[in-house]
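What follows is a set of notes on a single structure, which appears directly below.
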Amino acid sequence: MPFRCQKMDIPEVLLIEPAVFPDERGYFAEIVKATDFRSFGIAKDIVQVNHSHSIQGVLRGLHYQKSPKAQGKLVSVIEGEVFDVAVDVRKGSPTFGRWLGMNLDAEKKKMLYVPEGFAHGFCALTPTAQVIYYCTEIYSPPEERGIRWDDPALGISWPLQKPLLSKKDSDLPFLKNADNNFHYAEK
C-alpha cells in the first residue's frame, strides 16, 4: 500500500501518510486511493475538493455540516504549515467534546482525516498556507454549522493568541449551544 495510516487519540480521526517517490525531477505521490482508504475504514468517496489560501495568523473554523449532508474531510497542506484541529461533536460519544490537534505541513505531506461528526479548523503558522480539503459530501449551506474556536469547555491549545477571524467564525456558538444532530453509534 502506498499509504501508512495511524489512528489518533480519538480513534476515528486518522493520520494518513502517502508514500512519496522522489527523483531528480521532483517527486510523485498518490493522495487519494479509494481501495486503500476503504481498508482504513473510510467508506465514502471524495465528491468535492476545496482549496484555501491563508496568511499567517488566520484561523478558520471550527466547521462541520449536519446530517444528512455531513462531511468527512481529508486535510492536506500543499504550501506552508498549519495547526489542524478536530473536535468530536457526536452526542453520546465517549470522546464528545474532546479535541486533537497537530501540525501539518507541505514538506512532510501527512494528511488528517476528520470524519463526519467532527468539527474541523486550522490556523496558519507560516507567512502563507494553502490547504486542500478532500470532502465526502458536497458543501450544503443549510446544513453548515460551527463552534467557537475559543470555547473554554474545549480548551484547545491554539499556538496563537489573537487570530485573524472571519465575522462568521467569530460569531459561532459554544459547543453547548451548537446545532448538531450527530449521535454516536458504537461499531
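The values are calculated or read from the model by the stated rules, or taken from the named source; none is laboratory data. Just so it is clear, the model here is predicted, and its values are computed rather than measured. Note that we place each Cβ from the backbone using ideal geometry, even for glycine, and neighbour counts take in every protein chain shown. Keep in mind that these areas ignore ligands, DNA and RNA; they rest on the heavy atoms of the full protein, side chains included. Shrake-Rupley method; radii C 1.70, N 1.55, O 1.52, S 1.80 Å.
Once you order the gyration tensor axes a ≥ b ≥ c over the Cα atoms, which shape class does segment 121-184 get: rounded for a/c under 1.5, otherwise prolate or oblate by comparing a/b with b/c? Spell out each step's value before the answer.
Details: a/c = 1.86, a/b = 1.18, b/c = 1.58.
The shape class here is oblate.
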Do the alpha carbons of any pairs in LYS73/LYS168; LYS33/LYS162; LYS44/LYS108; LYS7/LYS91; LYS44/LYS66; LYS7/LYS33 sit beyond 28 Å of each other, and which pairs? LYS33/LYS162
Note down the Stokes-Einstein diffusion coefficient of segment 1-61 in µm²/s, whole number, using a Kirkwood radius over alpha carbon pairs, 37 °C, and 0.692 mPa s. 231 µm²/s
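Hey, what did the chain get for relative contact order, percent, Cα under 8 Å, at least 6 apart? It would help to have the intermediate numbers written out before the result.
Details: 415 pairs, mean separation 53.2, N = 187.
So the answer I get is 28 percent.
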Mind ranking 84-90, 159-165 by how tightly packed they are, going by the mean number of other C-beta atoms within 10 angstrom, highest first? 84-90, 159-165
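Going by the alpha-carbon gyration tensor, a ≥ b ≥ c the square roots of its eigenvalues, is the chain rounded (a/c under 1.5) or, if a/c is not under 1.5, prolate (a/b greater than b/c) versus oblate? Let's see the in-between values first.
Details: a/c = 1.77, a/b = 1.23, b/c = 1.44.
Verdict is oblate for the chain.
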Just how much of LYS73 is accessible, in Å², when a 1.4 Å probe is used and the result is rounded to the nearest 10? 20 Å²
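So what's the net charge close to CYS123: Lys and Arg +1, Asp and Glu -1, counting the other residues with Cβ under 9 Å from its Cβ?
Net of charged neighbours comes to 0.
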The chain: calculated mean residue ellipticity at 222 nm from DSSP helix runs of at least 4, using -39500 (n - 2.57): -1000 deg cm²/dmol
Ignoring ligands, DNA and RNA, please state the percent of accessible area on the chain from carbon and sulfur, probe 1.4 Å. 53 percent
Note: probe point = Cα of SER170 + 7 Å toward Cβ; backbone nitrogen < 19 Å; residues of segment 57-87 passing the test are 57-63
Could you compute how much accessible surface HIS183 exposes when probed at 1.4 Å, giving the result in Å² to the nearest 10? 130 Å²
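Can you give the accessible area per residue of the chain, in Å², using a 1.4 Å probe? Walk me through the intermediate numbers first.
On the way: 9610 Å² over 187 residues.
Result: 51 Å² of accessible area for each residue.
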